[in-house]
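Visitor: Structure in structure tokens, see below.
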Amino acid sequence: ACFFGDDAFRVRFERTPGSTQGHHAQIGGLLQHSVEVANIARQTARTMRANVDLCVAGALLHDIGKVETYEIGPAGFTYSPCGLLLGHVVLGALMLERRLAALDVPACTPGQLLELQHLVLAHHGKLEYGSPVQPMTTEAEMTPRHPPRRHRPPVSRRTTRTPRPSSRSGRRTSPNRR
């Protein structure tokens, strides 16, 4: 309720894309992705006899940082300055802590907050995929992951090499496209 009970946040969450390109790159993509992940996490948690409520909460919150990471403008979906500098994983953990600290009555115990923060911070699964920490609890392992390439912001690269023909179609492509 501390996020989704807030109408202004909920409207932003419902409009946010799941990415700037690739999976769920559309208005409402974040909501669609989060519901899909929550359904998978709930079923997996039941099967593995993990904490179902924690898994579902973590699945719904794992990408909340994208609400502050992405901007929607005339040119489409872009990264906000804080999205580029911090990334959605760190922003999500910060948003969670800020939101819970602002409540008059605690919504969870300090231990539950730590577990939720861990779910948000570990949801990419590996350090090299953008997680500041690796999953260290059964519940953190329940958050389904997309292939890592889809989670990284585009990096501008310049090349001095000449484009080479693609072996599949004979078309000329950039050497950086694979």
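The values are calculated or read from the model by the stated rules, or taken from the named source; none is laboratory data. Note that the coordinates shown come from a computational prediction; the quantities given were computed from them, not determined experimentally. Don't worry about glycine lacking a Cβ; one is built from the backbone with ideal geometry, like all the others, and counts go over all protein chains shown. Accessible surface is based on the protein model in full, side chains and every heavy atom, while ligands, DNA and RNA are left aside. Shrake-Rupley method; radii C 1.70, N 1.55, O 1.52, S 1.80 Å.
Visitor: If CYS2 satisfies every condition in (1) part of a helix (DSSP H, G or I); (2) in contact with a helix residue (DSSP H, G or I) (Cβ under 6 Å, 6 or more places away or on another chain); (3) of a type outside the set (D, E, K, R); (4) open to solvent by less than 50 Å² (accessible area, probe 1.4 Å) but one, which is the exception?
Guide: Here CYS2 clears every test but (1).
Visitor: Does any residue of the range 41-64 turn out to be in contact (Cβ under 8 Å) with a residue 24 or more places away in the chain and either touching a strand residue (DSSP E or B) at 6+ places or on another chain (Cβ under 8 Å) or among the hydroxyl-bearing types (Ser, Thr, Tyr) (or both)?
Guide: Yes.
Visitor: May I ask you to list the residues in the range 14-23 that are free of Cβ contacts under 8 Å to residues at least 60 places away in the same chain and open to solvent by less than 30 Å² (accessible area, probe 1.4 Å)?
Guide: Listed by number, the residues that qualify are THR16, GLY18.
Visitor: Only residues that are closer than 16 Å to ASP63 by Cβ and either assigned to a loop (DSSP other than H, G, I, E, B) or touching a residue at least 40 places away in the same chain (Cβ under 8 Å) (or both): list them for the range 96-138, please.
Guide: Selection gives ARG99, LEU116, LEU119, VAL120, ALA122, HIS123, HIS124, GLY125, GLY130, SER131, PRO132, PRO135.
Visitor: With the structure loaded, tell me whether VAL52 is more than 16 Å from the chain's Cα centre (by Cα), closer than 14 Å to THR143 by Cα and surrounded by fewer than 19 Cβ atoms within 10 Å (Cβ to Cβ) or whether it fails that test.
Guide: yes
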